[in-house]
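> Starting off with a structure, shown below.
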Amino acid sequence: MHLSAFKYKPNVDYSMDEIVNLAPRLPCSWCRALKWKDETQGMCCSGGKVQLPNLEPYPEPLYSLFTHQYPLSEHFLSTIHKYNGCFQ
């Protein structure tokens with residue numbers, strides 16, 4: 001699998017390769033953020049010292065677009081990266 005990203009073959013199943021296997025993500029015991037196995041515990045929230053406020057609900061029409069309640073939701077979600085780029 002050495003340099004397989006540069007020699008990609010669509011007919012090869014890379015999902016079982018140990019390099020690709022990222023293992024299950026474990027929740028932080030304080031803030032419940034998902035962390036990889038070897039990430040430092042509490043690094044995300046400084047051991048429970050940092051607490052972010054809950055997010056407010058999306059305003060309309062964003063809420064309808066994200067929850068598939070609008071006719072153009074599929075188009076919006078499939079091209080969201082382009083919309084995001086407009087604001088950078």
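> For the chain, what relative contact order do you get, as a whole percent, if you take Cα pairs closer than 8 Å and at least 6 residues apart?
On the way: 48 pairs, mean separation 10.6, N = 88.
Relative contact order of the chain: 12 percent.
> Do the sum for the chain: with -39,500 (n - 2.57) for every DSSP H run of n ≥ 4, divided by all residues, what is the mean residue ellipticity at 222 nm, to the nearest 500 deg cm²/dmol?
Working: 3 runs with 17 residues, N = 88.
So the calculated ellipticity at 222 nm is -4000 deg cm²/dmol.
> Now, a different point. Once the convex hull of the alpha carbons of the chain is built, what does its volume come to per residue, in cubic angstrom?
210 Å³
> Of the trypsin sites (Lys or Arg not before Pro) in region 1-62, which ones lie in a loop per DSSP and count no more than 14 other C-beta atoms within 10 Å?
Listed in order of number, the matching sites are 7, 25, 32, 37, 49.
Any read-out appearing in this document is the output of simple, stated calculations on the displayed coordinates, not a laboratory observation. Keep in mind it's a predicted model, so treat the numbers as computed, not measured. All Cβ positions, even for glycine, are placed from backbone atoms using ideal geometry, and neighbour counts span all protein chains on display.
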